[in-house]
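*Asks:* Following this message is one structure expressed as structure tokens.
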Amino acid sequence: MLLVPLAMAGAAAVKAVADRRADGVCHVATRMRDVTLLAGALRDTGAAVDTDQERITAGWADFSAVFSRDAEGIWSAHFDGTDQQRAIEKVSEVDTAYGRLVQQAVLERLREQAPAAGLRLTSETVDDTDAVRMVFEVERERS
């Protein structure tokens, strides 16, 4: 099994549809859904973060963003104090951090659930692109 970080998908994981409104606020939509992982990814990019289930406020040294959910549970970021290009770059940076956190969560789940599925993890390696290769062995029932 080979797990490649979501960040490797680059902009595919970020729906970087951005527009700049007349009030100078830049809006960027993202496919990230999990509030805990998103808040963690924001912190990993150096943001001070305040969260609740419907809204996340992130503040970096020179600009801020408010993330809010739409009806489908997808977060949109409304940036203030920066331009469209920097907003898209920041969302891409957050997406990379989010991808790493998703990968870590998946790896933890695989490690935890493998024994119940009759599998034993025999090796795990990480390459220079952060792709993780896990080798499982099927455990045989003893009679």
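Nothing in this text is a laboratory measurement; each read-out follows from the coordinates by a stated rule. This one's a predicted model, so the numbers in the text were calculated from it and none came from an experiment. All Cβ positions, even for glycine, are placed from backbone atoms using ideal geometry, and neighbour counts span all protein chains on display.
*Asks:* Given V94, A61, I74, which one lies farthest toward the positive end of the charge dipole of the stretch 26-142, if we put +1 on the Cβ of every Lys and Arg and -1 on the Cβ of every Asp and Glu?
*Replies:* I74
*Asks:* In the neighborhood of E54, defined by Cβ-to-Cβ distances under 15 Å, what is the net charge if each Lys or Arg adds +1 and each Asp or Glu adds -1?
*Replies:* Net local charge, E54 excluded: -2.
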